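Scroll down for the structure; my scribbles are underneath it.
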Amino acid sequence: MNDTLPPGLYIVATPIGNLGDITIRAADVLRKAELIAAEDTRVTAKLLQHLGVRAPMTSYHDHNADRVRPDLLEQAKTKAVALVTDAGTPLISDPGYKLVRAAHEEGIAVTTLPGPCAAVAAMTVAGLPTDRFLFAGFLPPKTAGRTKVLEELKQVRATLVFYETGPRLADCLADIAAVLGDREVAIARELTKLHEEVRRGRAGDLARALVAEGPPRGEIVLVVGPPVEETFSQEAIEARLKAALATLSVKEAAKQVAAETGGNRQELYKLALGLTGRT
């Protein structure tokens, strides 16, 4: 590899627990970077010591971003500046997207060095559908706020991924069961670390178990299965149509039952005509 890096902003994924998960390329960029912008320099210092890296660091986090960002952008025009978070991939539930957006606006090259990400790692061990998923970060800490957000996500036909804390986990699972239904969930805790654990079950059952056991420790990713597609027998569909036809026109009855069952509106319209004796 070259001994120097072109100027620009480098988005560097770092381990979420096991330091052995650092990629060869990420380690090389951190060694060659002229400045490392870290969420918490104390945390990043441990990784850099492990890698034998002595590059200068500066703090970049939610509380100082507006003040620090202009200087980082100016330096990235002539230097290789690496952006890291405490663990995992920067910008995933961490500060950084405004820096990347501003870098693009100023014509600064932005390079990604992919690697560990707790949300994706949890998906791989959860045993839940992975063809479609939505990462929603941290839910609000109180039931009222959580309920509002969960209501917004209720109709999403995808696996949901959240970050959560141990003390809030039982209440969070109880609210999920109440709002989303008693879906399958997986609790991925301390991924890649010594006490890694994946616990699967129904949201309500796990909520009750955690109340009895007490809050778990460590970093937690909560994976919630998608809504179960309800199937309707021909008899059930006809019953719904008959009930709808008691107060609605054939067209409106077919439209309503199509929305309720996911059925084809034209076929339901024909069936409704038959039920009314019309052709």
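Every number in this text was worked out from the coordinates using simple rules, so none of it is lab data. These figures come from a predicted structure and were not determined experimentally. Virtual Cβ from ideal backbone geometry, glycine too; neighbours counted across all protein chains shown.
Annotations for the structure displayed:
- For the chain, built as a Gaussian network whose Cα springs stay under 10 Å, the top-fluctuating residue of ALA188, ALA177, ALA109: ALA109
- Other-chain or far-sequence residues with amide H under 5 Å of MET57's (modelled H): ILE36
- Sum of side-chain charges, GLY137 neighbourhood, beta-carbon under 12 Å (Lys, Arg +1; Asp, Glu -1): -2
- Each Lys or Arg adds one and each Asp or Glu takes one away; over the other residues whose Cβ falls under 12 Å from the Cβ of GLU39, this sums to -3.
- Expressed to the nearest 5 percent, the antiparallel share of DSSP beta bridges inside segment 8-116 is 5 percent.
- With contacts taken as Cα pairs under 8 Å and at least 6 residues apart, the chain reaches a relative contact order of 16 percent.
- Looking at the chain, the DSSP beta bridges with both ends there are about 45 percent antiparallel.
- Backbone HN-Hα couplings from phi across segment 213-222 [Karplus 6.51/-1.76/1.60, Hz, Gly and Pro as x]: 7, x, x, x, 9, x, 7, 10, 10, 10
- Within segment 119-224, the proportion of C-alpha pairs whose separation exceeds 24 Å stands at 13%.
- Relative to the dominant Cα principal axis of the chain, helix 143-153 is inclined by about 70°.
- Amide proton proximity set for GLY88, modelled H, under 5 Å, gap of 5+: THR14, ILE16
- Remark: relative contact order (segment 176-215) = 35 percent; criterion is Cα-Cα distance under 8 angstrom and separation of 6 or more residues.
- Angle in degrees between helix 65-76 and the longest Cα principal axis of the chain, rounded to the nearest 10: 60 degrees
- Spatially near lysine pairs across the chain, Cα under 21 Å, sequence gap of 8 or more or different chains: 12
- The equivalent ellipsoid of the chain has semi-axes of 49, 24, 16 Å, largest first, where each one is the square root of 5 times an eigenvalue of the Cα gyration tensor.
- Among THR89, THR261, THR159, the largest mean-square fluctuation in a Gaussian network model of the chain, built with springs joining Cα atoms closer than 10 Å, belongs to THR261.
- Crossing angle, helix 250-261 versus the chain [Cα axis fit, 0-90 degrees, rounded to tens]: 40 degrees
- In order along segment 184-201, the phi-based Karplus estimate (6.51 cos²θ - 1.76 cosθ + 1.60, θ = phi - 60°) of 3J(HN,Hα) comes to 5, 9, 10, 9, 9, 10, 6, 4, 6, 9, 4, 9, 4, 8, 10, 10, 10, x Hz; Gly and Pro are listed as x.
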